[in-house]
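Please read the structure below before turning to the comments.
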Amino acid sequence: MHYITAGESHGPALTAIVSGVPAGLKISLRQIDSDLARRQSGYGRGGRQAIEKDHAEILSGVRFGRTLGTPITLQVANRDWENWTDRMAAFGEAPEGLVREVTPRPGHADLAGALKTNTDDCRNILERASARETAARVAAAGVARELLADLGVEIYSYVTRIGSAAFEEDDPMIAAPDYKPLDIEMSDVRCPDEAATEKMKAAIDAAREAGESLGGEFRVVVTGLLPGIGGYATPTDRLASRLGAALFSIPAIKGVEFGMGFSAAASVGSLVHDPIVHSSKDGFSRASNNAGGLEGGMTTGMPLIVTAAMKPIPTLSNPLMTVNMDTLEVEEASKERSDVCAVPACAVVAESEVAFVLANAYLERFGDANMTDIKTAVKAYRQRIKTMSR
């Protein structure tokens with residue numbers, strides 16, 4: 001299962017095409033729209049969220065609520081297009097007095113993209129490099145999430161840090177799978193702890209007052225995974241490599257950890273690796289989950305726990321200095337309507353990327369023609385594993 005997106009931040013719409021989808025999968029537009037709404041939420045979001053009320057339309061690949069086994073086209077309209085029809089027109093002449101973006105923002109794709117594509121207007125870069133593109137990813141991932149849910153796999157995320165304000169957990173590898181999604185979604189910053197939520201909101205308020213932006217950290221948690229999904233034989237088979245690549249494809253992600261992550265480097269092996277245990281009820285399992293559900297590039301059957309770090313948003317209300325591409329003089333960087341903090345939203349996008357990787361791995365393992373055959377193969381695999389652990 002793969003997706004491709006198209007569309008500009010201030011263009012008419014964002015479009016996603018998902019291919020490799022098995023036939024017979026039930027699709028819920030309500031659930032997709034719910035995920036789109038979660039992507040738009042979070043304390044610290046900017047004015048664009050007051051304009052856009054994202055809704056997905058499915059234009060192909062689904063009939064009577066179930067997939068046909070053909071490519072699925074999803075579209076999310078940009079309401080702000082009404083304010084940009086002349087400046088972002090696909091054809092015709094540029095409007096008189098068009099202001100080009102010639103003061104590239106530090107930390108953004110503006111300058112490197114302009115140099116790459118030989119343009120004198122950073123607008124040509126920033127429209128696609130914008131995080132607005134991730135709305136199409138979340139819509140497309142609704143298909144992957146439905147497939148995983150149908151196979152008993154659930155995905156959620158929560159925020160652990162915004163700036164210096166952190167949610168202190170004694171043992172997140174044990175605690176993370178037990179957090180209640182409702183508690184997470186009821187928090188303004190998608191953190192399951194009330195005290196940490198208030199600290200994070202205060203940090204965002206202080207950053208807004210100072211004209212700054214804030215990054216942070218979040219975790220993606222996946223439960224219900226079968227062991228042995230992924231591979232070890234080649235580098236590209238390994239789920240860690242696929243998940244890492246998918247998460248780093250999200251704008252502003254600067255670090256990814258699986259399980260203990262970097263802290264494992266400071267510990268001895270006996271405190272890092274998870275002892276294998278066995279019971280007549282559960283079969284093979286692990287006494288701990290320091291690996292975060294991955295060993296040798298494959299799932300262990302324990303919850304998958306991935307932590308990611310997001311840098312602060314490059315657009316600042318008090319801009320950094322840059323160089324004007326026309327005059328080569330020092331000026332303030334350009335300003336777009338932007339957020340103070342988008343970490344809670346970024347975590348939802350990360351859920352989507354994780355869902356695509358895992359859905360694809362399941363289809364590689366159990367077939368991709370139709371849901372009836374896939375479920376039959378999954379049931380047989382479960383039974384074989386159960387027999388092996390007797």
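What whole-number value in Å² describes the accessible area per residue of the chain for a 1.4 Å probe? Before the final figure, lay out the partial values.
Numbers: 18730 Å² over 390 residues.
Each residue of the chain exposes 48 Å² on average to a 1.4 Å probe.
What the Cβ-Cβ distance of Ala265 and Thr327 gives, at R0 = 56 Å and to the nearest 0.05, is a FRET efficiency of 0.75.
For segment 63-216, give the percent of accessible area contributed by carbon and sulfur heavy atoms, probe 1.4 Å, rounded to a whole number. Mind showing how you got there, number by number?
Working: 3920 of 7790 Å².
Ligands and nucleic acids excluded, carbon and sulfur reach 50 percent.
Since only Ala240, Val189, Gly283 are under comparison, the one whose Cα sits farthest along the positive direction of the charge dipole of the chain, derived from C-beta charges on Lys, Arg, Asp and Glu, is Gly283.
Using Cα-Cα distances under 8 Å and only pairs 6 or more residues apart, what relative contact order does the chain have, in percent? Walk me through the numbers before you get to the answer.
Details: 783 pairs, mean separation 88.5, N = 390.
Result for the chain is 23 percent.
What a 1.4 Å probe finds exposed on segment 327-390 is 51% carbon and sulfur by accessible area, rounded to a whole percent.
For the pair His278 and Met186, label points projected 7 Å from Cα toward Cβ lie 4.3 nm apart.
For segment 5-119, calculate the relative contact order in percent as a whole number, restricting contacts to Cα pairs under 8 Å that are 6 or more residues apart. Before the final figure, lay out each step's value.
On the way: 142 pairs, mean separation 35.2, N = 115.
Averaging sequence separation for qualifying contacts and normalising by length gives 31 percent for segment 5-119.
For the residues Asp178, Asp170, Asp205, Asp86, a 1.4 Å probe over the protein chains yields an accessible-area ranking, largest first, of Asp170, Asp178, Asp86, Asp205. Note on Lys53: aspartates and glutamates with a C-alpha under 17 Å away, same-chain residues under 8 apart excluded, are Glu8, Asp33, Asp35, Asp80, Glu82, Glu133, Asp339.
For the options Met260, Met173, Met186, a Gaussian network treatment of the chain with springs between C-alpha atoms closer than 10 Å singles out Met186 as fluctuating the most. Within straight-line reach of Lys379, meaning a Cα separation under 19 Å, sit the following aspartates and glutamates at least 8 residues removed in sequence or on another chain: Glu146, Asp150, Glu154, Asp282, Glu364, Asp368. Listed by number, the DSSP H helices of the chain that run 27 Å or longer by alpha-carbon position along their axis and have mean Kyte hydropathy of at least -0.5 are 343-366.
What is the gain in length, in nm to one decimal, between Ala112 and Ser34 on full extension, counting 0.36 nm per residue of separation less the C-alpha to C-alpha distance?
On the way: separation 78, 0.36 × 78 = 28.08 nm, distance 3.51 nm.
Once the chain is fully extended between Ala112 and Ser34, it gains 24.6 nm.
A simple spin-label model places the labels of His55 and Gln383 4.6 nm from each other, with each point 7 Å out along Cα-to-Cβ.
Each peptide in 66-72, 117-123, 7-13 receives the mean, over its residues, of other Cβ atoms within 10 Å, and ordering these scores from highest gives 7-13, 66-72, 117-123.
Between Phe91 and Asp120, full extension at 0.36 nm per residue minus the direct alpha carbon distance yields a gain of 8.6 nm.
Taking the Cα centre of segment 265-390 as origin and assigning +1 to Lys and Arg Cβ atoms and -1 to Asp and Glu Cβ atoms, the resulting dipole is close to 1260 debye.
Projecting the Cα positions of Leu74, Met88, Thr103 onto the charge dipole of segment 59-103 (unit charges on Cβ atoms of Lys, Arg, Asp and Glu, taken about the Cα centre) puts Leu74 furthest along the positive direction. What FRET efficiency do you get for Ser317 and Arg390 if R0 is 41 Å and r is their Cβ-Cβ distance, rounded to the nearest 0.05? Taking R0 as 41 Å, the efficiency between Ser317 and Arg390 is 0.05.
This structure gives Cα extents along the principal axes in Å, computed directly, and of [x] 65, 51, 39; [y] 76, 49, 39; [z] 66, 47, 36 that value is listed as [y]. Take the Cα of Ile174, go 7 Å toward its beta carbon, and none of the backbone nitrogen atoms of segment 143-162 fall under 13 Å from that spot.
Net charge dipole, the chain: roughly 1660 debye, given to the nearest 20, about the Cα centre with Cβ charges of +1 for Lys and Arg and -1 for Asp and Glu.
The values are calculated or read from the model by the stated rules, or taken from the named source; none is laboratory data. Only a predicted model underlies this, so the values are computations on that prediction, with no experimental measurement involved. Note: ideal-geometry Cβ built from the backbone for every residue, glycine included; neighbour counts use all protein chains shown. Note: areas computed on protein heavy atoms with side chains; ligands, DNA, RNA excluded. Shrake-Rupley method; radii C 1.70, N 1.55, O 1.52, S 1.80 Å.
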